[in-house]
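Step one of this worksheet: look at the structure below.
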Amino acid sequence: MKLKPTTMFLSCTALFMVMSLGATVAMQDASEKDDALESLLVDYNETLLGLREQLASQHKFGTLQYHEMLRAENELIDEELEILTKTEDRIAALEKRLQNCVILENWVAARVEVNNAAAAEMLKEKSQRLMVQIKLKREKLQK
């Protein structure tokens, strides 16, 4: 899948905004947790900031691939899910995660079709999507 530079730039910009939000929320929530958890959240925040810098650098040089960006965004959503307490917020995050999973699964399926990826990779993406669908269904049942 080849993306136009404008699409890639907008996608990266959205990812950076999500990363900033996730890191900020993690820092705010850490003040209410014990010291060990706070230390872990601070370390995780610093790691996310480093990731953001690396992705910005890769985008600048045109080496950032769309699927890598989606996977990074999924990691951030997973981190965000650890600190979200409102069911509505968790549902919204899981719905975004599900969208990313579907895109990744379709991308891998296309690669498998042309023998550019192993079938195991397809099953891995499918299992990720199914896991997110299960979590989303559970959240909606709690609503």
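Bear in mind these aren't lab numbers, they're just calculated from the coordinates by the rules spelled out. Please read these numbers as outputs of a predicted model, since none were measured by experiment. Positions of Cβ are generated from backbone atoms using ideal geometry, with glycine treated the same way; all protein chains shown enter the neighbour counts.
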Item to check | Sorted by Cβ neighbour density within 10 Å, fewest at the top, the residues M131, M122, M69 | outcome: M131, M122, M69
Checklist entry - Put a dot 7 Å past each Cα toward the Cβ at L123 and A36; how far apart are the dots in nm? => result 3.7
Checklist outcome for this item: Fewest to most Cβ atoms within 10 Å: D35, D89 sort as D35, D89
Item to check | Contour minus Cα-Cα distance for V102 and Q54 (0.36 nm per residue) | outcome: 14.8 nm
